[in-house]
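I have placed the structure first, in the form of structure tokens, so that the comments after it can refer back to it.
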Amino acid sequence: MSQPSWVERLPSGWRPQRLRHVAEIANSNVDKKSYEDGHPVRLCNYTDVYYNDFITDDMELMAATATGQEIRRFALRPGDVIITKDSESWDDIAVPACVAEELTNVVCGYHLSLFRPLAGRLDGRFLLRALQAQGVREQFWTAANGVTRFGLGQQGMKDALLPVPPLPTQKAIAAFLDRKTAAIDALIEKKQKLLDLLAEKRAALINQAVTKGLDPNVPMKDSGIPWIGEIPAHWEVKKLSWLLHDGPRNGVSPSVSHDGSGVPSFSLSVVRDGMVEVRGDDVKYVMASDADAHRFNVMAGDLLMVRGNGNINLVGATGLVRDDKLSPYVYPDLLMRMRCGDGVCPGYVQYCINSDVVRPQLTASARTTVGTYKVNNQQVRELRLLAPPQSEAVAISKHLDVALERHRGLVGAVQAHIKRLQEYRQALITAAVTGQLDIPEEDA
């Protein structure tokens, strides 16, 4: 394993140390199952570590059982650091969390590794930050093995190099970073709440337009559907099938071509925010015939709906193809294509399907098989939509296009700010634990 670049820049008195020389390392084998002859424990699991910097006693942890030997070996103590040792992505491995205080009967769970700093040599909170630092965490990424799922072996953990200053300096750095990261995290949380509010605003804009129209003074009538309520008196409620010329038609699922030959296809993630938008990472090539390429093509005005997903909240998400740039592509099996009939505005249909008064009809009828929630063509055809006159549907679609373009600008600005804060947080941690910041020991 080559030395990280920070090794040559360490201040006087700091030393690069292999993790095995400053901490005990153990992989937990305590699973989530409970056994009659086991002792009741609280289990610290993968997600408890992945989503938190610190493990505290007030966290809601899973009830499980463990043997006496497992408790002696994997009971968590203040200053212990736990990492995730498995992941579906090589660059999402070895995410750490530190035990911040005395815990009541808590044991380290399966798919996690326990690092116990050696007394007098390494501080647990400093170890947490060191494992988050650029130039340290990448060592675990390169040591991970796998193809579709990646795992980190003990040797890769033991050989990892850490910057190790004197213990008082470690504690000062840890205290400094605890304060700074808490302030940054609080600001990020506020920005995330703002994104939640903007998402609610977006939903409200769509729901109002597709159920009440744009004229606040129009006469209303009962729609006859409890979850919709009143609608403009001149509107109708129609099944989606009445508005379509073709479809819904499921996509193609041939084998993937790994040499770049075949027909270009794309992933489900192209359905974004009511649009169909293909980015570089979305594209793959499939071994499809010319007949498939013709039958499963997409063109401007088509609607693509997610008919299957592991997240039920994404089932039914629909995007509008706004131009013919996607004409060379075929669409995959877990999407379905719909083409509207003459005199039907596809933009309005997209907004109506994505509204909170239509999408729940699909999520309520979705069925799960092997962890994937799916809806079938008949369920989609039976969707009940609000149908204004064509001219009004076009006006609503254009109104929402303009309003949501402004909305996307606001969301993009907030997301960019969050990204900058996250990058600053990462840079601050890296600079502090590699000695690039002068932090007085009295900061401890």
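Between Ser12, Ser28, Ser5, which is small (Gly, Ala, Ser), at pLDDT below 90 and under 24 Å from Phe126 (Cβ atoms)? Before the answer, list the steps.
Numbers: Ser12 fails: at pLDDT below 90; Ser28 fails: at pLDDT below 90.
Of Ser12, Ser28, Ser5, the one residue that is small (Gly, Ala, Ser), at pLDDT below 90 and under 24 Å from Phe126 (Cβ atoms) is Ser5.
Just checking, how many residues over the stretch 324-382 are farther than 28 Å from Glu392 by Cα and hydrophobic (A, V, I, L, M, F, W, C)?
The total comes to 8.
Between residues in the stretch 348-375 that are closer than 30 Å to Ala403 by Cα and residues that are at pLDDT below 85 and assigned to a loop (DSSP other than H, G, I, E, B), which pairs lie under 8 Å by C-beta distance while being six or more apart or on different chains?
That search, which allows pairs on different chains as well, returns Val357/Trp227; Val357/Ile228; Pro360/Trp227.
Out of the stretch 101-149, which residues are over 16 Å from Asp159 (Cα atoms), outside any loop (DSSP other than H, G, I, E, B) and of a type in the set (S, T, N, Q)?
The one that is over 16 Å from Asp159 (Cα atoms), outside any loop (DSSP other than H, G, I, E, B) and of a type in the set (S, T, N, Q): Gln132.
Looking for something farther than 18 Å from Thr363 by Cα, at pLDDT 85 or above and of a type in the set (A, V, I, L, M) - is there at least one such residue anywhere in the stretch 271-286?
Within the stretch 271-286, one or more residues are farther than 18 Å from Thr363 by Cα, at pLDDT 85 or above and of a type in the set (A, V, I, L, M).
Could you list, in sequence order, all residues of the stretch 299-332 that are at pLDDT below 85 and assigned to a loop (DSSP other than H, G, I, E, B)? Talk me through it step by step, then tell me what you get.
Our first condition is that a residue be at pLDDT below 85; within the stretch 299-332, this holds for 323-332.
Of everything in the stretch 299-332, those that are at pLDDT below 85 and assigned to a loop (DSSP other than H, G, I, E, B) turn out to be Asp323, Ser327, Pro328, Tyr329, Tyr331.
Restricting to the stretch 372-403, and then to whatever is open to solvent by 10 Å² or more (accessible area, probe 1.4 Å) and assigned to a loop (DSSP other than H, G, I, E, B), can you tell me which residue is farthest from Pro216 (Cα to Cα)?
Asn376
Residue by residue through the stretch 314-335, note down the ones that are of a type in the set (A, V, I, L, M, F, W, C) and either in contact with a helix residue (DSSP H, G or I) (Cβ under 7 Å, 6 or more places away or on another chain) or over 18 Å from Pro248 (Cβ atoms) (or both).
Start the filter on the stretch 314-335 by keeping residues that are of a type in the set (A, V, I, L, M, F, W, C), which leaves 314-315, 317, 320-321, 326, 330, 334-335.
Once the filter is applied, which keeps residues that are of a type in the set (A, V, I, L, M, F, W, C) and either in contact with a helix residue (DSSP H, G or I) (Cβ under 7 Å, 6 or more places away or on another chain) or over 18 Å from Pro248 (Cβ atoms) (or both), the stretch 314-335 yields Val315, Leu320, Val330, Leu334, Leu335.
Residues that are open to solvent by 70 Å² or more (accessible area, probe 1.4 Å): list the strands (runs of 3 or more DSSP E) wholly contained in the stretch 21-100 that include at least 2 such residues. Can you show your working first?
Details: elements: 23-27, 39-44, 62-66, 81-84, 96-99.
Passing ranges, in order: 39-44, 62-66.
Since Leu118 meets every condition but one in (1) surrounded by 14 or more Cβ atoms within 10 Å (Cβ to Cβ); (2) of a type in the set (A, V, I, L, M, F, W, C); (3) at pLDDT 95 or above, which condition does it not meet?
Only one criterion in (1) surrounded by 14 or more Cβ atoms within 10 Å (Cβ to Cβ); (2) of a type in the set (A, V, I, L, M, F, W, C); (3) at pLDDT 95 or above is unmet by Leu118, namely (1).
Taking the condition of being open to solvent by less than 70 Å² (accessible area, probe 1.4 Å), closer than 14 Å to Glu392 by Cβ and either touching a Lys or Arg at 6+ places or on another chain (Cβ under 6 Å) or free of Cβ contacts under 8 Å to residues at least 60 places away in the same chain (or both), how many residues in the stretch 185-237 meet it?
Residues that pass the stated criteria total 3.
Restricting the stretch 121-136 to residues that are buried (at least 21 other Cβ atoms within 10 Å of the Cβ) and among the charged types (D, E, K, R), which is farthest from Ala432 (Cα to Cα)?
Filtering first and then ranking leaves Asp123.
Would you be able to tell me the number of residues in the stretch 175-184 that are without any contact (Cβ under 8 Å) to a residue 60 or more places away in the chain and surrounded by 13 or more Cβ atoms within 10 Å (Cβ to Cβ)? Spell out the reasoning first.
Let us first name the residues in the stretch 175-184 that are without any contact (Cβ under 8 Å) to a residue 60 or more places away in the chain, namely 178-179, 182-183.
If we keep only those that are surrounded by 13 or more Cβ atoms within 10 Å (Cβ to Cβ) too, we end up with 178.
Total satisfying the criteria: 1.
Suppose we keep only residues that are at pLDDT 75 or above, open to solvent by 40 Å² or more (accessible area, probe 1.4 Å) and not charged (D, E, K, R) within the stretch 238-266. Which one would you say is farthest from Leu326 (Cα to Cα)?
Checked the stretch 238-266; the qualifying residue farthest from Leu326 (Cα to Cα) is Trp242.
For the stretch 351-371, give me the residue count where each residue is under 16 Å from Met305 (Cβ atoms), among the hydroxyl-bearing types (Ser, Thr, Tyr) and surrounded by fewer than 20 Cβ atoms within 10 Å (Cβ to Cβ).
2
The values are calculated or read from the model by the stated rules, or taken from the named source; none is laboratory data. In this text the structure is predicted, and so the values were computed from the model without any measurement. Positions of Cβ are backbone-derived with ideal geometry, glycine not excepted, and every protein chain shown enters the neighbour counts. The accessibility values were calculated without ligands, DNA or RNA, using every heavy atom of the protein model including side chains. Shrake-Rupley method; radii C 1.70, N 1.55, O 1.52, S 1.80 Å.
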